[in-house]
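Trainee: Take a look at the following structure, please.
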Amino acid sequence: MASFGERDSRLIIVRGNSGTGKSTLAAAIREARPRGIAIIGQDQLRREILHVRDYPDTPAAGYVDVSVRYALNCGLHAVVEGILHAAIYGEVLRHLIADHRGVTRCYRYEMSFEETLRRHATKANADEFGEVEMREWWRDIDPLPGVAEEVIGADSPLPHTLRRVLTDCGWT
C-alpha cells in the first residue's frame, strides 16, 4: 500500500486484553497534547459503527486501516487502541507500521486475568459485560509477530506509562 502520514506524525498502537487500561491511556495521551490526536478505538469501530463480531477477515480490520490512514493524512496523530488480536488484526497493523512515514510506537498490556477483572470493575461500563465475556476474549499472551512492542505490566501506573509513551514519541 501507499505511504501515509508525515515525517513528524505519530502513530501509537496500544493492544491488550479487555480491562487492562488501553482506552484510559489513549485518553491520557490526548489530554497531554493540546490538539490533533485522533483516537481510533477498535470497540467503537467494530461494535458501535459496524456492529460486527471479531473473526478472521472481519470488516473491522479494514476500517481500522482506513481510519488510521485518513487521520494521519489529515495532519493528525493517531492512537489505535483495542484488544486487536494478532491473528485478526496483525496483518493490518504490520502494514500500517510499514507504511507510516513518521514515528510509530507499539505497546501491549500484559497482566493477569484477575488484574483485568479488578480493573474492569472500576469502569463506568462495568455492567455491560463481565467475567464470562472477558474469558472468551482473553489471550494469555498475544504478541504481534514481526513487531517490536513494549510491554506494559500491571506494575506500571498510568502516570508512568503516559510519561513513557510521550518520551518514546519525542513529546517531552
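Trainee: Which residue, of ASP99, ASP155, is at pLDDT 95 or above, of a type in the set (Asp, Glu) and farther than 22 Å from ILE39 by Cα? Lay out the reasoning, then the answer.
Mentor: Working: ASP99 fails: farther than 22 Å from ILE39 by Cα.
The match here is ASP155.
Trainee: For the stretch 15-55, enumerate the residues that are crowded, with 20+ Cβ neighbours inside 10 Å, part of a helix (DSSP H, G or I) and among the aliphatic types (A, V, I, L, M).
Mentor: Within the stretch 15-55, LEU25, ALA26, ILE29, LEU45 meet the criteria.
Trainee: Listed residues ILE12, ILE88; which is under 23 Å from CYS169 (Cβ atoms) and either touching a strand residue (DSSP E or B) at 6+ places or on another chain (Cβ under 6 Å) or in a helix (DSSP H, G or I) (or both)? Spell out the reasoning first.
Mentor: Values: ILE88 fails: under 23 Å from CYS169 (Cβ atoms).
Testing whether each residue is under 23 Å from CYS169 (Cβ atoms) and either touching a strand residue (DSSP E or B) at 6+ places or on another chain (Cβ under 6 Å) or in a helix (DSSP H, G or I) (or both) leaves just ILE12.
Trainee: Could you tell me whether ARG108 is touching a strand residue (DSSP E or B) at 6+ places or on another chain (Cβ under 9 Å) and not β-branched (Val, Ile, Thr)? Don't jump to the end; show me each part of the working.
Mentor: Working: touching a strand residue (DSSP E or B) at 6+ places or on another chain (Cβ under 9 Å): yes; not β-branched (Val, Ile, Thr): yes.
Yes; evaluated as a whole, the condition is true for this residue.
Trainee: Among the residues of the stretch 134-166, which ones are in contact (Cβ under 8 Å) with a residue 12 or more places away in the chain and not in a loop (DSSP other than H, G, I, E, B)?
Mentor: MET134, ARG135, TRP137, GLU150, VAL151, ILE152, LEU158, THR161, LEU162, ARG164, VAL165, LEU166
Trainee: Between a residue in the stretch 102-129 that is closer than 22 Å to SER156 by Cα and basic (Lys, Arg) and any residue that is modelled with pLDDT of 90 or more and assigned to a loop (DSSP other than H, G, I, E, B), which pairs come within a Cβ distance under 8 Å, given they are 6 or more apart or on different chains?
Mentor: ARG105/CYS169; ARG108/ASP142; ARG108/PRO143; ARG108/LEU144; ARG108/GLU149; ARG119/THR20; ARG119/GLY21
Trainee: While we're here: Across the stretch 91-117, what is the number of residues that are assigned to a helix (DSSP H, G or I), buried (at least 18 other Cβ atoms within 10 Å of the Cβ) and within 14 Å of the chain's Cα centre (by Cα)?
Mentor: Number of matching residues: 3.
The values are calculated or read from the model by the stated rules, or taken from the named source; none is laboratory data. Bear in mind the structure is a predicted one, so any value in this text is a computation, not a measurement. Using ideal geometry, Cβ is built from the backbone for each residue, glycine included, and neighbour counts are taken over all protein chains shown.
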